[in-house]
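We did not get these values from a lab; they are worked out from the coordinates using the rules stated. Because the structure is a prediction, the values reported are computed rather than measured. We place every Cβ from the backbone using ideal geometry, glycine too, and count neighbours over all the protein chains shown.
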Amino acid sequence: MTGAGISAESGIPTFRGAGGLWKEFKAEDLATPEAFAKNPPLVWEWYNWRRQLIAKAVPNPAHKALVQLEIRKRGFTLITQNVDGLHDLAGSGKILKLHGDIWRLRCTVCGANWPNRKTPLPKIPPHCACGGLARPGVVWFGEPLPDGMMKEAEHAVSAAQVFLVIGTSASVYPAASLVPYARQAGAKVIEINTDETPFSATVDCALRGPAGELLPKLW
Ligand code: BV8
Ligand code: ZN
């Protein structure tokens, strides 16, 4: 399972680190349905800014090491909390995107859901062909994860011999619950993170350092 830390070395600031994405924008205030209902242009300004930032980023050796792992290890499943699409760009095949995808839009009226990689967006807020207001295809705070997503992730974790938890502060639920879930299911849990997390003391092996260096070495 990966978090924003795996994209840090691609130049995308993490959410809660120094200079994090959320510093200026207090994301808990913006990444919510209430904020969007109140001020769609403001929320879209933030996503437009993030999309432009992410569009310049390329996958780093950590993303690529996971692609190698997937090619060589049957039964590999990539679970990500990230919405930046760098795992897709790196060539990962099966990706469980717990929190959606910043490169997809969803219509708030007819429910249509489509890819859109335009940066910057020509019009803020964007609209659907049906005329309805479009929203980012991501999961906001207070919103449920996509149907069946956690079940599928838990299924993969329950069958895992090894669970790598990479570049996440493990502070957002239910995603973070996959770490204790993996332990209970008997997987060897390896944490790869530059810093401590609430689970560092409970994992089998905590590798302290940047994923872009440690993952290729582990591979
Ligand atoms: C839900 C998409 C219910 C949007 C995101 C109180 C207690 C517990 C839970 C809650 C609570 N109050 C509310 C909740 C629930 C809430 C939650 O967990 N809140 C948190 C803040 C406490 N969760 C929800 O609301 C979820 N939904 O519960 O719904 C429900 C059920 C049914 C019906 C209705 C409702 C939805 C959560 C999803 C929110 N959306 N993103 C967007 O991106 O705009 S979350 C956001 O945080 C991102 O997705 C991100 O991936 C995620 C987690 O952050 P991280 O990836 O871990 O990033 P972070 O910056 O935190 O950490 C980076 C890490 O990398 C650090 O550890 C750092 O040390 C490390 N690092 C840095 N550089 C490197 C590195 N590691 C390795 N190498 C490096 N180079
Ligand atoms: Zn529509």
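Descriptive notes on the structure:
- For segment 90-210, the spread of Cα coordinates along the three principal axes comes to 52, 29, 29 Å, biggest extent given first.
- A Förster distance of 25 Å, applied to the separation of the beta-carbon atoms of K56 and L218, puts the FRET efficiency at 0.35.
- Rh by Kirkwood over Cα pairs, then Stokes-Einstein D for segment 1-116 at 1.567 mPa s and 4 °C, µm²/s: 85 µm²/s
- Taking other C-beta atoms within 10 angstrom as a stand-in for reagent exposure, T2, T77 fall in the order T77, T2, fewest first.
- By the count of neighbouring beta-carbon atoms within 10 Å, fewest first, I102, I6 end up ordered I102, I6.
- Highest-MSF residue in the chain out of W114, W46, W103 [GNM, Cα springs under 10 Å]: W114
- Take the Kirkwood radius over Cα pairs of segment 52-117, plug it into Stokes-Einstein at 25 °C and 0.890 mPa s, and you get 188 µm²/s for translational diffusion.
- Percent breakdown of C-alpha pair distances by 10 Å bin, ordered from the shortest bin, for the chain: 8, 34, 36, 18, 4, 0
- Summing charges over all other residues whose Cβ lies under 14 Å from the Cβ of T194, with Lys and Arg as +1 and Asp and Glu as -1, gives -3.
- Ascending count of other beta-carbon atoms within 10 Å, so fewest first, for R183, R74, R208: R74, R208, R183
- For the chain, share of DSSP beta bridges that run antiparallel, in % to the nearest 5: 35 percent
- Of the GluC sites (Glu not before Pro) found in segment 120-217, those in coil by DSSP whose Cβ has at most 14 other Cβ atoms within 10 Å are E196.
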